[in-house]
Amino acid sequence: MNEIDPKRLPQHIAIIMDGNGRWAERHAMGRVLGHRKGAHAVRSTVKACRRIGVRCLTLYAFSMENWLRPRTEVRALLSLLEDYLETETGEMMAQDIRLTAIGNLSSLGEPISRKLAESIARTAENNGMVLNLALSYGGRDEIVAAAGRIASDVVAGTIVPDQVTKELFGRYLYTTGLPDPDLLIRTGGECRISNFLLWQMAYTEFYFTEVLWPDFRERHLLRAIVDYQQRERRFGLTSEQLKA
Ligand code: IPE
Ligand code: IPE
Ligand code: MG
């Protein structure tokens, strides 16, 4: 159990960090405390992925739809993000982690979008792992924005419609330059993708666990990776073809 094969690591792991509210409820606390506990799980998961040798970790921290939560909760989530950037950028430098972010980042407002840009710039030369935060992110929003920008470029004459391929489309997405996720982990027991990386997860392996995000530890991560490594990714081919 929990013996991972270092040669077959998922290069890119994406995580839907769900269950903070229910964790808080179970511990008779307010939802905000659940989010605060969730931030600890973020720190330990980043460290564990870096140690294991995962190349890229994308964390779904705040969805487009989450803006519709009560104002106090939205404010608390943004303030936790701000704290995270302030306290963890030094750690990212120490661990050689490059920070990136996807989503409608300007909607985060000041001072967060500025602090985010500063952390991204400061860590830009790091090579050990990419930590990619999905913030104010929606998969459909991302696809629609890409389609809009492609349409503008066609109108401007910088591309012609025949050039619009899957590869070109991918370059207009927020995730340009990152590999597609190999493994998606969702904590909190729900089996849905909630508007996360719709385009990029065409062939991602999904792993759902009942563990609530604030309780997620390295052993849960290892279990997910072991499960992933037992699967055969066929990409539409037959098993025989893959073995040939
Ligand atoms: C995930 O936990 C954190 C965010 C969505 C920002 P939730 O707050 O969704 O927790 P549950 O699903 O209500 O338990
Ligand atoms: C998904 O969780 C978004 C994040 C983890 C940031 P939600 O709690 O918002 O998703 P639903 O509402 O259960 O689908
Ligand atoms: Mg939730």
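Odds and ends about this structure:
- Entry remark, region 157-195: residues being in contact with a Leu (Cβ under 7 Å, 6 or more places away or on another chain) and within 16 Å of ligand 1 (Cβ to nearest atom) number 2 in total.
- When residues of region 150-159 are limited to those that are part of a helix (DSSP H, G or I) and surrounded by 12 or more Cβ atoms within 10 Å (Cβ to Cβ), the one nearest to the chain's Cα centre (by Cα): ILE150
- Restricting attention to region 139-166, the residues that are free of Cβ contacts under 8 Å to residues at least 60 places away in the same chain, acidic (Asp, Glu) and under 12 Å from TRP199 (Cβ atoms) add up to 1.
- Any chance VAL211 is at pLDDT 95 or above, surrounded by 13 or more Cβ atoms within 10 Å (Cβ to Cβ) and within 16 Å of ligand 2 (Cβ to nearest atom): yes
- Matching residues in region 160-200 - criterion: being within 16 Å of ligand 3 (Cβ to nearest atom), charged (D, E, K, R) and either in a helix (DSSP H, G or I) or under 16 Å from the mean Cα position of the chain (by Cα) (or both): ARG186, ARG192
- Identity of the residue in region 160-180, of a type in the set (A, V, I, L, M) and farther than 18 Å from THR58 by Cα, that ends up surrounded by the fewest Cβ atoms within 10 Å (Cβ to Cβ): VAL160
- Per the listing VAL160, VAL130, VAL154, VAL164, the residue uniquely touching a Pro at 6+ places or on another chain (Cβ under 7 Å) and among the β-branched types (Val, Ile, Thr) is VAL154.
- Residue, farthest from ligand 2 (Cβ to nearest atom), within region 40-63, restricted to residues that are surrounded by 19 or more Cβ atoms within 10 Å (Cβ to Cβ) and over 19 Å from ARG98 (Cβ atoms): ALA41
- Look at region 119-138: where a residue is closer than 21 Å to SER107 by Cβ, no partner that is buried (at least 21 other Cβ atoms within 10 Å of the Cβ) and acidic (Asp, Glu) sits 6+ places away or on another chain with Cβ atoms under 7 Å.
- Whichever residue in region 73-126 is assigned to a helix (DSSP H, G or I) and basic (Lys, Arg) and, among such residues, is surrounded by the most Cβ atoms within 10 Å (Cβ to Cβ): LYS115
- Within region 127-135, not a single residue is part of a helix (DSSP H, G or I), over 19 Å from PRO214 (Cβ atoms) and not β-branched (Val, Ile, Thr).
- Criterion applied to LEU78, LEU57 was being touching a Cys at 6+ places or on another chain (Cβ under 7 Å) and either in contact (Cβ under 8 Å) with a residue 24 or more places away in the chain or more than 15 Å from ligand 3 (Cβ to nearest atom) (or both), and the one residue passing it is LEU57.
- ALA134 being within 19 Å of the chain's Cα centre (by Cα), among the hydrophobic types (A, V, I, L, M, F, W, C), surrounded by fewer than 12 Cβ atoms within 10 Å (Cβ to Cβ) and modelled with pLDDT of 95 or more: no
- Identity of the residue in region 20-39, more than 9 Å from ligand 1 (Cβ to nearest atom), assigned to a helix (DSSP H, G or I) and in contact with a helix residue (DSSP H, G or I) (Cβ under 7 Å, 6 or more places away or on another chain), that ends up farthest from PRO214 (Cα to Cα): VAL32
The values are calculated or read from the model by the stated rules, or taken from the named source; none is laboratory data. Being a predicted model, the structure only gives us computed values, none of them experimental. When we count neighbours, we look across all protein chains shown, and the Cβ atoms used for this are built from the backbone with ideal geometry, even at glycine.
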